[in-house]
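Would you mind keeping the following structure in view while I ask a few things?
The values are calculated or read from the model by the stated rules, or taken from the named source; none is laboratory data. As the structure is a computational prediction, the values presented were derived from the model and not from experiment. Cβ: placed from backbone, ideal geometry, glycine included. Neighbour counts: every protein chain shown.
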Amino acid sequence: MKTIHLIQHTHWDREWYFTENDSKALLYYFMDDLMSRMESDKTIGPFILDAQTVMLDDYFEVAPENKNRLEKLIKSRRILIGPWYTQTDFLTVSAESIARNLLLGLADCRRMGETLEVGYVPDSFGQMAQLPMLLTQFNINKAVIWRGWSERLVANTEFTWQSQDGSEVTTAVFPWGYGCAKWLPTDKNVITDAIVERARKQCQFAATQSVMLPNGNDQSPFEYQIPGLLDHVNQSQDEFHFVNSSFDNYFKSLEHEQDKLPRFSGEMLDPKYMRIHRGIFSTRMDIKLANARLEQLLSRHLEPLAALNFANGLPYPQSAINSIWRSAMKSHAHDSIGGCNSDRVNVMVLNRLESGIEMAEQLLELNFRKLAEGIEAQVDGTKVVVFNSVPKLRDSLVELTIYTAADTIAFVDGTGSLLPYQIVHESQQDMSTIIQELSNDTTTTWYRKLVLAVELKAIPACGYTTIYLQEGMGVCSQATTSPSDTKHIANQWFDIEHLADNSISLIDRRNGHQYHNVFELTDGSDQGDNYNFSPLADDWIISNRECEHFVTTVQGELFSSLTVAFEFSLPADLNERQQGITSVKLPVSLHLTLRNDRPSIDVKVELDNTVCDHRIQMHFPTGIVKETHFADQPFGLIERQTIPQELELWEQEGWTEAPIANYPMQSMVLQRDDERGLGIVTKGLREYEIDRAKPQVLAITLMRSVGWLGQPNLTYRPGRASGMVLPSPDSQIQGEHCFELSLVPFDMGNEESFWRTIEMINTPVIAHVGTDWARFRLNKQDTHFPASQSLLSWESSLHFSTLKKAEESDALILRAYNPTPTVQIVGELNCKYETRRVQLDETTPVLSSDKTPFSDKVQPSSPLSVSISVLADSDH
């Protein structure tokens, strides 16, 4: 006889087709009911608060007076919380975001006294392959999941799940969802048949004698009467034995059956039994881009600079930074970041991210100013502090924006030697909009606004250097440029040419290989919704090659650019597309840039979207046809089938939606064969597609426009609507947009250069121009810093992830990961401070297999964290 473990819970969407204000109001009464019933009846419980501690933040905002009541129930493990801060999506947010979600969620649990030590993921739209690794890095060895599993991947709903680095968690699946036993009847004459029927279904794929039955649903109240009816159910039938249980008791019951469990390694994206909504990877691309911008600001720039300043004796704004992370994580919930919400909610999701960007940018500027004011100028001019987060010495072009009234400017280093620069863009700036003191002047002060790139060599690893802007001193360090009537640009690595048929050709000068028709833009229909892409049957695909092109080129010493301007003639909506009408001229500018500091082609697409119900993609014919390809995943790389077998199965097997070949990525997709490869690195674009009819072409989705939260009977998703059938006109994302990515070709002889280039693209050098025009004034501090400094260096094949202050000590945490498909050596960390390896939790030590821990090997898709005791001998 199987034992059925009743798991009582609620699944708490903070926002969806309702706002977070709606859910907070409901939470007040939900929690009052839950606590009152538990306080009056000591026999009921435990109850799971959806494994996300943000519910505590929300509740204490509306009912702070009840904190002690709730804390008592948590400490007695009758109400179970954590380990997550929010129920995050795993496929469209960064690795650092997911790690911080657990880090901050577990910190909340410790403050409240207890935690649910299970990686409970009830509703994420698919499961990343890295979940076992992530959980074990926080000493969690059990997981409960739902979406994405099918018996095609692993035969049973209980299995051992392994990540690429060898980490394992015992995993159980709710095959029919977290609500399969919701709203059970409380009538003794009815409940037995109802609960037995649901238990039979839940046991369909079970390999063990213990099976979980989840009793709860979206925002559903505590079904407090059900545990008291289980004795009656057990006496009324002999097929199952029902117990009121918990995850802990369930997994303990599995221990003697561990050898029965099958093993599985990989991600879970099968929509056989429940939809995973692959369209969310490109829904509301404005939200995706804002989130990526914020994640990069926090983990790649603000935290590393603040960490360096902390090592130099300045305060680290930890609570301020964590408040930004927490706000961002509220936008990382599966519905929120997916954009599959009402328009009102998507406004709130985007506002949180944009507010986070504002605060992060201000903290970054203040940290730059604190650093700059302690640097004594070595030559005349305005100080410009250039910061390199990556723990590797590097040469780089540094992009700056300056405002000047001078006709001539120059940049020099600390010895007075000229540094070449090249203007990217020049315009006129009304300075009264920047300098508050000028806002009341009766005359307008106009300056030149220059966006430019300065060439620097040997920028210190994980450190900074100081250069100087000299204005109107009769010296100019501007590099030469030559506007050309030709439609061709080149540098030491590549030739790019715009051809007569409006295609663009790329030649890799290192191996002579030519790529034809790269950077082609296509526009097709999308009659789907915020959840799923859904084209018209016999869709009309329109190429930008059909438009009249206006091409301009500039060949420069530091960078060269080719710009193609055109007007896309497109249907205004689905009706026009079906009739073959193109009434809209959609203006587009395509900018291609070759830099002299790295072997890549930077791509920027600017457009003003005035079309509805369509999708725009950029295509890259690689000429490579292999059974598999690669994309990056959190802290690593994943190999996927180029033409998935399940595409042939879904209709005949009645899957809930088509497993279309639209895939998520962190920022990179790669096709390669035995001789060469081509990678595409994006700035916030999270979706790529490989059409089975054209497996040698990578397509990057720039945007898609739809007008509904949910709709029924879509091409790739038959049947009921997902979510709610609500108009969502804001999801047409009308207006101006800018999309950026880089193309990185390579051959098998320079793979190391390829991975190094990827790292430099993902973590660019940044700079601060020290003018007197800052919005806020600060008192000068008695601090002194060198003009150039390297906190540490790490010549390793691992990729930089972050440098931050530890949550519970004054140590710094340096994190990197192995992005490649092969084992890498840690490499030597050059640092004057005491160091030790730790897990993602920042405290658990990692025991080395070698007396010299940095000679250890790092498995593919494995992070490595180092605790650095920068203040061990300080009273700071």
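Given (1) closer than 27 Å to residue 700 by Cα; (2) part of a helix (DSSP H, G or I); (3) not small (Gly, Ala, Ser), identify the lone condition not met by residue 283.
For residue 283, the failing item is (2).
Residue by residue through segment 627-638, note down the ones that are part of a loop (DSSP other than H, G, I, E, B) and either exposed (fewer than 15 other Cβ atoms within 10 Å of the Cβ) or in contact with a Cys (Cβ under 7 Å, 6 or more places away or on another chain) (or both).
627
Before we move on, is residue 573 surrounded by fewer than 23 Cβ atoms within 10 Å (Cβ to Cβ), of a type outside the set (Gly, Ala, Ser), over 26 Å from residue 725 (Cβ atoms) and touching a His at 6+ places or on another chain (Cβ under 9 Å)?
no
Hey, another quick one. Restricting attention to segment 216-244, which residues are charged (D, E, K, R) and touching a residue at least 24 places away in the same chain (Cβ under 8 Å)?
218, 223, 238, 239
Could you say whether any residue in segment 409-430 is surrounded by 19 or more Cβ atoms within 10 Å (Cβ to Cβ) and among the polar types (S, T, N, Q)?
Within segment 409-430, one or more residues are surrounded by 19 or more Cβ atoms within 10 Å (Cβ to Cβ) and among the polar types (S, T, N, Q).
Can you spot a residue in segment 399-408 that is aromatic (Phe, Trp, Tyr) and out of contact with any helix residue (DSSP H, G or I) (no Cβ under 7 Å at 6 or more places or on another chain)?
no
Give the number of residues within segment 393-422 that are out of contact with any Gly (no Cβ under 9 Å at 6 or more places or on another chain) and closer than 30 Å to residue 562 by Cβ.
Number satisfying all stated conditions: 14.
I've got another one for you. Scan segment 714-723 and give yes if some residue there is farther than 30 Å from residue 570 by Cβ, free of Cβ contacts under 8 Å to residues at least 60 places away in the same chain and more than 26 Å from the chain's Cα centre (by Cα), otherwise no.
Yes, segment 714-723 contains at least one residue that is farther than 30 Å from residue 570 by Cβ, free of Cβ contacts under 8 Å to residues at least 60 places away in the same chain and more than 26 Å from the chain's Cα centre (by Cα).
When residue 213 is evaluated against the numbered criteria (1) assigned to a loop (DSSP other than H, G, I, E, B); (2) in contact (Cβ under 8 Å) with a residue 24 or more places away in the chain; (3) more than 32 Å from the chain's Cα centre (by Cα), which criterion, by number, is the only one it fails?
(1)
Six or more apart or on different chains, Cβ atoms under 7 Å: show the pairs whose first residue is in segment 626-639 and over 17 Å from residue 96 (Cβ atoms) and without any contact (Cβ under 8 Å) to a residue 24 or more places away in the chain and whose second is surrounded by fewer than 22 Cβ atoms within 10 Å (Cβ to Cβ) and charged (D, E, K, R).
Listed by first residue and then by second, the contacts come to 628/639; 628/640.
Name the single residue that is farthest from the chain's Cα centre (by Cα) among those in segment 333-356 being more than 17 Å from residue 21 (Cα to Cα) and surrounded by 24 or more Cβ atoms within 10 Å (Cβ to Cβ).
Across segment 333-356, the extreme among qualifying residues is 340.
Quick one: would you say residue 188 is basic (Lys, Arg) and within 39 Å of the chain's Cα centre (by Cα)?
In short, no.
Report, by residue number, each residue of segment 173-188 that is over 26 Å from residue 209 (Cβ atoms) and in a loop (DSSP other than H, G, I, E, B).
183, 185, 186, 187
Next question, about the same structure. Among (1) without any contact (Cβ under 8 Å) to a residue 24 or more places away in the chain; (2) surrounded by fewer than 17 Cβ atoms within 10 Å (Cβ to Cβ), there is one condition residue 198 misses while meeting the rest; what is its number?
It is condition (2) that residue 198 fails.
Another question, if that's okay. Among the listed residues 437, 361, 399, which satisfies the condition of being surrounded by fewer than 19 Cβ atoms within 10 Å (Cβ to Cβ) and in contact with a strand residue (DSSP E or B) (Cβ under 8 Å, 6 or more places away or on another chain)?
399
Of all residues being under 22 Å from the mean Cα position of the chain (by Cα) and of a type outside the set (Lys, Arg) in segment 589-605, which is surrounded by the fewest Cβ atoms within 10 Å (Cβ to Cβ)? Just the residue, please.
Selected residue: 602.
Among residues belonging to segment 324-358 that are of a type in the set (S, T, N, Q) and touching a residue at least 12 places away in the same chain (Cβ under 8 Å), point out the one that is nearest to residue 124 (Cα to Cα).
The qualifying residue nearest to residue 124 (Cα to Cα) is 336.
Got a sec? Which strands (runs of 3 or more DSSP E) wholly within segment 508-610 have at least 2 residues that are of a type in the set (Val, Ile, Thr) and in contact (Cβ under 8 Å) with a residue 12 or more places away in the chain?
Qualifying strands (runs of 3 or more DSSP E): 550-556, 559-570, 584-595, 601-609.
Looking only at segment 129-172, which residues are small (Gly, Ala, Ser), free of Cβ contacts under 8 Å to residues at least 60 places away in the same chain and outside any strand (DSSP E or B)?
Listed by number, the list holds a single entry, 167.
Right, next: Can you tell me which residue within segment 764-796, out of those that are of a type in the set (Ser, Thr, Tyr) and in a loop (DSSP other than H, G, I, E, B), is farthest from residue 435 (Cα to Cα)?
Result: 796.
What residue, among those in segment 258-280 that are surrounded by fewer than 21 Cβ atoms within 10 Å (Cβ to Cβ) and either in a helix (DSSP H, G or I) or aliphatic (A, V, I, L, M) (or both), is nearest to the chain's Cα centre (by Cα)?
It comes out as 261.
So which of 361, 373, 426, 365 ends up being touching a residue at least 12 places away in the same chain (Cβ under 8 Å) and under 26 Å from residue 560 (Cβ atoms)?
426
Moving on. Identify all residues within segment 249-277 that are at pLDDT below 95 and farther than 22 Å from residue 202 by Cβ; write none if there are none.
Answer for segment 249-277, where residues must be at pLDDT below 95 and farther than 22 Å from residue 202 by Cβ: just 259.
Given the residues 566, 533, 494, which is the only one that is under 30 Å from residue 725 (Cβ atoms), among the hydrophobic types (A, V, I, L, M, F, W, C), surrounded by 21 or more Cβ atoms within 10 Å (Cβ to Cβ) and modelled with pLDDT of 95 or more?
Of 566, 533, 494, the one residue that is under 30 Å from residue 725 (Cβ atoms), among the hydrophobic types (A, V, I, L, M, F, W, C), surrounded by 21 or more Cβ atoms within 10 Å (Cβ to Cβ) and modelled with pLDDT of 95 or more is 533.
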